[in-house]
Amino acid sequence: MKLLVALMAVSIAAQPLRTRGHALIKGTQEFFWLADTAWEIFHWLDREKAGHYVDVRARQGYNVVLASAFSEFSGRNEPNAYGVRPFVKEGDPTQPNDAYFRHVDDVIKMAEARGMYVGLLPAWGDKVFERPNNPNVVFNPANAFAYGRWLGRRYRTQQNIVWVLGGDRNAAGYESVWRAMARGLREGDGGAHLITFHPNGRHTSSIWFHSDPWLAFNAVQSGHNLRDNPVHEMIRGDYTRTPVKPVIDLEPAYENHPVDWKPEAKGWFEAFDVRKHAHWAVFAGAAGHTYGCHDIWQFIEPGKAAIGFARGTDWRQSLLLDGAVQLGHLRRLVEPLQGRVPDQGLLASRQGFGDDYIAITRAGSKVLVYTANGEPFTIRLERLAAKPTSAEWFDPRTGAAQPARLTATFQPPSKADWVLVIK
């Protein structure tokens, strides 16, 4: 029975994603991307721990895991959980170590068995972007092409892969390296998988690569600086570009991350910040969203030093943080809405700024309105194609719904964030 369930899960995931307009497509349906940033999973976790991670995330509704094959900082020469390094010769990506990548294979297949895709970074951006005295750079256009081609060939038939170039770095001055790696991936896998680019904070892949044919969808990093970060503006900027491509925030503010890296002065991002940024992005037209936790991407556990003013919570405990659980409610609410588009024109009252911002999306017979602060707002019901028949308040904290009074002006049930669903 367990084998049957596992095989059924594989069959669910075993379809490469593609794009159509602003949407990601799986089979014949729009695919709602709900990812978690597990950047260092191949480097730090053994199979048992990786299995626990993907088990929990799959139960919570996540369908994408973001991970770097060649990880940040010490990933160049520090071995993985089995004492194996990524390359036969340190710093030479033309000599991949098959033993290291067999562990990468195992984790990718674990995700596949649970119906999940892997957003696979060939390497973190510090292996390309040369800061002063950076000992981590290993790539140039020639070996980036060779490494990309090798990876593409290795995973040519692995269905649950999306290539993610970049790795939290500005591409300016290094476009030739990333383009060479993309060409290598394309030659190696025959174009079987989508490719995107993960930029540094407050940037978008479209700055450098929007017109490149290999860039299947744009990615932004709204970053970790502001509680009321206007991620919707970044999403809207790419949503309106031509040629039309999907867009997703691949790195919003992480739960348990210090605001602007100043924990004593500004505290840490919490579940409300996670929910707010996610709804703003998705309702602005994003093809999904990405969750992150500062404890999890680096897999903090006893005896392991924390990075970036992290609180130091064990990653297994942080898997159950409120924000992580609550984004599953967002996916269940939005995923059935095929053909979803943003529509701020339905708002008759002020749009607001910061936490006052109200976001609207619609699809088919439904209109969704997100308010972060519980203040009343007015909708132009007369602009809807059909007369509304009912409305309800969706609680993004619990996933529960309650009836709403169907009038032009709506008063949320409390001074908190809510989603109004008009049918």
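The values are calculated or read from the model by the stated rules, or taken from the named source; none is laboratory data. Just so you know, these numbers come straight off a predicted model, no measurement behind them. Reconstructed Cβ throughout: ideal geometry from the backbone, glycine too, with neighbour counts over all protein chains shown.
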Open item on the list: Out of the residues in the range 22-70 meeting the condition of being touching a Lys or Arg at 6+ places or on another chain (Cβ under 6 Å) and in a strand (DSSP E or B), tell me which one is nearest to Arg340 (Cα to Cα).
Closed with: Ile25
Task: Number of the condition not met by Asp189 [criteria: (1) surrounded by 23 or more Cβ atoms within 10 Å (Cβ to Cβ); (2) closer than 25 Å to Trp297 by Cβ; (3) over 20 Å from the mean Cα position of the chain (by Cα)] - done: (2)
- [ ] Select from the range 401-423 the residues that are assigned to a strand (DSSP E or B) and in contact (Cβ under 8 Å) with a residue 24 or more places away in the chain and list them in ascending order.
- [x] Thr409, Phe410, Trp418, Val419, Leu420, Val421, Ile422
- [ ] Taking Arg153 as meeting all but one of (1) modelled with pLDDT of 95 or more; (2) under 14 Å from Phe70 (Cα atoms); (3) touching a helix residue (DSSP H, G or I) at 6+ places or on another chain (Cβ under 7 Å), write down the number of the exception.
- [x] (2)
- [ ] Identify all residues within the range 273-292 that are over 13 Å from the mean Cα position of the chain (by Cα) and outside any loop (DSSP other than H, G, I, E, B); write none if there are none.
- [x] Asp273, Arg275, Lys276, His279, Trp280, Phe283
Open item on the list: I want to confirm something. Restricting to the range 46-86 and keeping residues that are of a type in the set (D, E, K, R) and surrounded by fewer than 18 Cβ atoms within 10 Å (Cβ to Cβ), which single residue is farthest from Ala305 (Cα to Cα)?
Closed with: Arg59
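Okay, residues lined up against (1) hydroxyl-bearing (Ser, Thr, Tyr); (2) surrounded by 15 or more Cβ atoms within 10 Å (Cβ to Cβ):
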residue	(1), (2)
Tyr357	yes, yes
Thr361	yes, yes
Val369	no, yes
Pro376	no, no
Ser390	yes, no
Asp395	no, yes
Ala400	no, no
TODO: Might you let me know whether the range 88-98 holds any residue that is modelled with pLDDT of 95 or more and among the small types (Gly, Ala, Ser)?
DONE: no
TODO: From (1) in a loop (DSSP other than H, G, I, E, B); (2) surrounded by fewer than 22 Cβ atoms within 10 Å (Cβ to Cβ), pick out the condition that doesn't hold for Asp295.
DONE: (2)
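I'd like to check something: does the range 256-264 contain any residue that is out of contact with any Asp or Glu (no Cβ under 8 Å at 6 or more places or on another chain) and surrounded by 21 or more Cβ atoms within 10 Å (Cβ to Cβ)?
Checking the range 256-264: at least one residue is out of contact with any Asp or Glu (no Cβ under 8 Å at 6 or more places or on another chain) and surrounded by 21 or more Cβ atoms within 10 Å (Cβ to Cβ).
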- [ ] Select, from Trp39, Trp33, the only residue that is closer than 30 Å to Gly399 by Cα and touching a Pro at 6+ places or on another chain (Cβ under 9 Å).
- [x] Trp33
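Residue-by-condition table, conditions (1) among the polar types (S, T, N, Q); (2) within 19 Å of Gly152 (Cβ to Cβ); (3) touching a residue at least 24 places away in the same chain (Cβ under 8 Å); (4) in contact with a Gly (Cβ under 9 Å, 6 or more places away or on another chain):
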| position | (1), (2), (3), (4) |
| --- | --- |
| Ala99 | no, no, no, no |
| Met110 | no, no, yes, yes |
| Trp124 | no, yes, yes, yes |
| Asn134 | yes, no, no, no |
Task: Which numbered condition Arg405 fails, given (1) assigned by TED's automatic domain parsing to the domain that holds Thr19; (2) farther than 30 Å from His52 by Cβ; (3) of a type outside the set (Gly, Ala, Ser) - done: (1)
Task: Meets criteria (of a type in the set (A, V, I, L, M) and either assigned by TED's automatic domain parsing to the domain that holds Asp238 or buried (at least 24 other Cβ atoms within 10 Å of the Cβ) (or both)) for Ala278 - done: yes
Open item on the list: Return the pair list, or none, for Cβ contacts closer than 8 Å from residues in the range 40-56 that are touching a residue at least 60 places away in the same chain (Cβ under 8 Å) and over 13 Å from Tyr100 (Cβ atoms) to residues that are of a type in the set (A, V, I, L, M) and loosely packed, with under 15 Cβ neighbours inside 10 Å, at least 6 apart or on different chains.
Closed with: Val56/Leu320
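Quick check on the range 130-151. Is at least one of its residues under 20 Å from Thr19 (Cβ atoms), part of a helix (DSSP H, G or I) and of a type outside the set (Lys, Arg)?
The answer is no; no qualifying residue exists.
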Open item on the list: Cβ-Cβ under 7 Å, sequence separation 6+ or interchain: first residue in the range 172-190 and in contact (Cβ under 8 Å) with a residue 60 or more places away in the chain, partner aliphatic (A, V, I, L, M) and part of a helix (DSSP H, G or I). Which pairs?
Closed with: Leu185/Leu151
Task: Residue selected from the range 298-353 under the condition surrounded by fewer than 18 Cβ atoms within 10 Å (Cβ to Cβ) and touching a Gly at 6+ places or on another chain (Cβ under 6 Å), by the criterion modelled with the highest pLDDT - done: Gly328
- [ ] Answer yes if at least one residue in the range 247-255 is of a type in the set (D, E, K, R), farther than 23 Å from Val137 by Cα, in contact (Cβ under 8 Å) with a residue 40 or more places away in the chain and out of contact with any His (no Cβ under 9 Å at 6 or more places or on another chain), and no otherwise.
- [x] no
Task: Criterion: assigned by TED's automatic domain parsing to the domain that holds Leu319, of a type in the set (A, V, I, L, M), in contact with a helix residue (DSSP H, G or I) (Cβ under 8 Å, 6 or more places away or on another chain) and at pLDDT below 95 - qualifying residue of Val107, Val84, Val54, Val137 - done: Val137
